[in-house]
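Participant: Quick one: the structure is below, and I'll ask about it shortly.
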Amino acid sequence: MALISNVSDTARWVAFYRAMETERPDALFRDPFARRLAGAQGEAIVRSLPKGRSMAWPMIVRTAVMDEIIVREVGAGADLVLNLAAGLDARPWRLPLPPALQWVDVDLPPPLEHKLETLAGERPVCRYEAVRLDLADQTARRQLFARLGASAGRALVITEGLLIYLTPESVAELARDLHTQPSFMRWLMDIGSPELLKMMEKNWAPVVRAGGAPFRFAPAENTRFFEPLGWREVEYRATFEEATRLKRTMRFAWVWRLMGGLMPKARQEAFKRFSGMALLERRTVGTVGPSDGLTV
C-alpha cells in the first residue's frame with residue numbers, strides 16, 4: 001500500500017519535518033503538536049523518500065520564514081488569514097496571534113478532521129474556523145471567498161505547499177478568484193523554478209505520483225506569472241539565503257556559496273529564484289476576468 005495515497009498525505013510528511021525541528025535544542029520554532037499530527041505515517045513517508053531526512057532543511061526554512069512574515073503582516077493590520085490547503089498547519093495554536101484575528105483553514109475533510117481530532121483538547125489563540133472544501137469546486141470556492149472577503153478589511157492569503165501540485169491553468173484561475181475580493185490584499189506562497197521541479201522529480205516523483213500528487217507548477221517567469229492576474233511581488237526570500245541566515249543549510253552548502261560567488265551577476269539572480277517564499281500584493285488591473293475552474 002502506498003504511503004502517500006493522495007495529496008493530503010503530504011501534510012503528514014511536512015508535519016514530521018516540523019517535529020524534527022521542534023525537537024532540536026536550538027529549534028527555530030516550536031510546534032508541540034507536529035509529532036502527533038504527523039503520526040507514524042508521516043515518519044514512514046520521510047523514511048521512504050530518498051534523502052528524506054537530509055532534505056528536511058528547505059521545509060524547515062519555509063516554515064520559519066512564513067512564521068515571521070505572518071506574524072509581521074498580522075501586526076501590520078491583517079484581520080483575516082485565509083490558509084488554503086491548510087493541511088496539518090498548527091499556526092493558530094502555536095503562533096503569538098491576537099485573539100481578535102480571524103483565521104480560516106480550508107482543506108479537504110480528511111486532513112482537517114485529523115487535525116481537529118488530534119488537537120481536540122487544545123485551544124486556538126485566535127478566532128478559528130475550519131472549512132471542509134475541495135478547492136476544485138469552483139462554485140463553493142467562489143462562495144467562500146465572497147463570504148470571507150466581505151467579512152475582512154485586510155486579508156492575508158496563504159498557499160504553503162499547494163501551488164506545486166496544481167496545473168498552471170489552475171493556479172491562474174485561483175489567482176483570478178482571489179483577486180475578485182478587494183479585501184484579499186496580500187498573498188504568501190512558496191514558489192520554485194523548473195530546475196527545482198526537475199530535482200524533485202528525480203528524487204521524489206515516483207513516491208508522490210503513485211499517490212496521485214505529481215509536481216506540476218514551477219513557472220520559468222517565477223512571480224511574474226501572477227502580474228497579468230492582478231498580483232505583484234513585494235517581497236521575496238530565497239530559500240538558500242534564508243537557510244544561511246537561519247543556520248539550516250544542507251551539507252556542503254559552503255561549496256554552493258563558493259560557486260555562487262563566482263557566477264556572473266545574472267546567474268546569481270537566477271539562482272536566488274531556484275526556490276523561495278514570496279509575498280504578493282493585490283493590484284488593480286482591468287484585464288483580470290473570472291476563472292473557469294480549478295484542476296488539481
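The values are calculated or read from the model by the stated rules, or taken from the named source; none is laboratory data. Model, not experiment: these values are computed from the prediction. Note that we place each Cβ from the backbone using ideal geometry, even for glycine, and neighbour counts take in every protein chain shown. The protein model used for the area step is the full one, side chains on, heavy atoms only, and it has no ligands, DNA or RNA in it. Shrake-Rupley method; radii C 1.70, N 1.55, O 1.52, S 1.80 Å.
Participant: Of VAL81, VAL71, which residue is under 25 Å from LEU174 (Cβ atoms), among the aliphatic types (A, V, I, L, M), surrounded by fewer than 21 Cβ atoms within 10 Å (Cβ to Cβ) and touching a Leu at 6+ places or on another chain (Cβ under 9 Å)?
Facilitator: VAL71
Participant: I need the full set of residues from region 106-147 which are of a type in the set (Val, Ile, Thr) and either over 20 Å from the mean Cα position of the chain (by Cα) or modelled with pLDDT under 95 (or both), in order please.
Facilitator: THR118, VAL125, THR139, listed by residue number.
Participant: Looking at region 261-292, which of the residues that are within 24 Å of ASP177 (Cα to Cα) and modelled with pLDDT of 85 or more is most open to solvent (accessible area, probe 1.4 Å)?
Facilitator: So, considering only residues that are within 24 Å of ASP177 (Cα to Cα) and modelled with pLDDT of 85 or more, the one most open to solvent (accessible area, probe 1.4 Å) is ARG283.
Participant: Looking at (1) within 20 Å of ILE164 (Cβ to Cβ); (2) crowded, with 18+ Cβ neighbours inside 10 Å; (3) at pLDDT below 95, which is the one condition that is false for ARG237?
Facilitator: Only one criterion is unmet by ARG237, namely (3).
Participant: Could I ask something else about it? Anything in region 161-193 that is in contact with a strand residue (DSSP E or B) (Cβ under 6 Å, 6 or more places away or on another chain), open to solvent by 30 Å² or more (accessible area, probe 1.4 Å) and under 19 Å from LEU80 (Cα atoms)? List them, or say none.
Facilitator: MET185, ARG186
Participant: Answer with yes or no whether LEU196 is within 15 Å of ALA85 (Cα to Cα) and either of a type outside the set (D, E, K, R) or open to solvent by less than 10 Å² (accessible area, probe 1.4 Å) (or both).
Facilitator: Criteria not met by LEU196.
Participant: Moving to a separate point now. Mind listing just one residue for me: the one in region 123-151 that is in contact (Cβ under 8 Å) with a residue 12 or more places away in the chain and either among the hydroxyl-bearing types (Ser, Thr, Tyr) or surrounded by 21 or more Cβ atoms within 10 Å (Cβ to Cβ) (or both) and, of those, nearest to ASP9 (Cα to Cα)?
Facilitator: LEU135
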